[in-house]
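Chemist: Quick one: the structure is below, questions incoming.
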Amino acid sequence: MQLLGTCSELLVAFLKQHGIAALHDEGIVTLPEHPGYRFVLQVYKAGEKTVSLEAMCRLRTGQLMIERLGGVGETQEEAVMDAQANFANCVFHVWMSALLGNSNQFAKEHVWNVNGIDRNVTIGLPNGRGELDVADDLRWQEAWQLAVRDLPLSQEVHWASVCYVQNACKLLAFDALLDNEDCEPVKQKVLSFDWPVRDRFYSVRQFMIIQEQIYSAHDRE
């Protein structure tokens, strides 16, 4: 795909709205109050009326978190704006809560026991298009979240996303990713879910971050 450029200044503007200072240098965003994180938003041309936005975060551990979000519009500018809206709805508030410690109403925080270890988990609100009642259906969300929760995850930070697209009663696209890669165990479980069948188009997407082990005060002594 053709790289159109960065739109990292959008992230700077979003952070400013939440009182978080950010520095923008040649497309890379850093946070003085949260050293160790580096953020980049890149936009690629995917088609005549479609783009793909890559939301990237380099974690303190050196891991590179990538979430790809599509955008559609009658013009390229409209498609870019649509992709930016997808970023705001799907990823930004999860980053805010899980990485920066800014809890908000657009990301839900949980404690999961994974492999016998308690982990903080932040899950963004589902983002839907088309038949919006499907986005609010808790059943597919629970099926996906349970599938991720059952994975033999290591103790480091992990991130996961799911995207399901259906039109005219037929599956058009499906992704179930863990740490930027296809995750077959999750994919198989979520595809076996009895997805609502609709004559018209719909898509749903959701994103989560699974943080490191929760340590009690006793553990730190």
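Chemist: State whether one or more residues within the range 54-71 are farther than 25 Å from residue 177 by Cα and either open to solvent by less than 60 Å² (accessible area, probe 1.4 Å) or acidic (Asp, Glu) (or both).
Modeler: Looking for residues that are farther than 25 Å from residue 177 by Cα and either open to solvent by less than 60 Å² (accessible area, probe 1.4 Å) or acidic (Asp, Glu) (or both), one finds none in the range 54-71, hence no.
Chemist: Of all residues in the range 126-139, which are at negative phi and touching a strand residue (DSSP E or B) at 6+ places or on another chain (Cβ under 7 Å)?
Modeler: 126, 127, 128, 129, 131, 134, 135 - these are the residues of the range 126-139 that are at negative phi and touching a strand residue (DSSP E or B) at 6+ places or on another chain (Cβ under 7 Å).
Chemist: Pick from 114, 91: which is modelled with pLDDT under 95 and open to solvent by less than 30 Å² (accessible area, probe 1.4 Å)?
Modeler: Values: 91 fails: modelled with pLDDT under 95.
None of the other options fit; the residue is 114.
Chemist: Now for a different question. How many of the residues making up the range 135-160 are open to solvent by less than 40 Å² (accessible area, probe 1.4 Å) and part of a loop (DSSP other than H, G, I, E, B)?
Modeler: 5
Chemist: Which pairs turn up if I take residues in the range 122-138 that are closer than 17 Å to residue 168 by Cα and look for partners that are open to solvent by less than 10 Å² (accessible area, probe 1.4 Å) and of a type in the set (Ser, Thr, Tyr) with beta carbon separation below 7 Å, at least 6 apart in sequence or on another chain?
Modeler: 128/202; 129/202; 130/202; 131/202; 134/202
Chemist: Within the bounds of the range 120-134, is there any residue that is open to solvent by less than 30 Å² (accessible area, probe 1.4 Å), at pLDDT below 95, among the aliphatic types (A, V, I, L, M) and in contact with a Leu (Cβ under 8 Å, 6 or more places away or on another chain)?
Modeler: No, the conditions are met nowhere in the range 120-134.
Chemist: Can you work out which of the residues in the range 101-111 that are surrounded by fewer than 16 Cβ atoms within 10 Å (Cβ to Cβ) and hydrophobic (A, V, I, L, M, F, W, C) is nearest to residue 207 (Cα to Cα)?
Modeler: So the residue we want is 106.
Chemist: Tell me which residues, restricted to the range 2-44, are over 20 Å from the mean Cα position of the chain (by Cα) and basic (Lys, Arg).
Modeler: 16
Chemist: Six or more apart or on different chains, Cβ under 7 Å: which pairs go from a residue in the range 196-215 that's under 22 Å from residue 154 (Cα atoms) to one that's hydroxyl-bearing (Ser, Thr, Tyr)? Could you list them?
Modeler: Close Cβ pairs satisfying both conditions: 206/161; 207/161; 208/122; 209/122.
The values are calculated or read from the model by the stated rules, or taken from the named source; none is laboratory data. From a predicted model like this one, the values you see are computed outputs, not experimental measurements. Positions of Cβ are generated from backbone atoms using ideal geometry, with glycine treated the same way; all protein chains shown enter the neighbour counts. Surface accessibility is based on the protein's heavy atoms, side chains included, excluding ligands, DNA and RNA. Shrake-Rupley method; radii C 1.70, N 1.55, O 1.52, S 1.80 Å.
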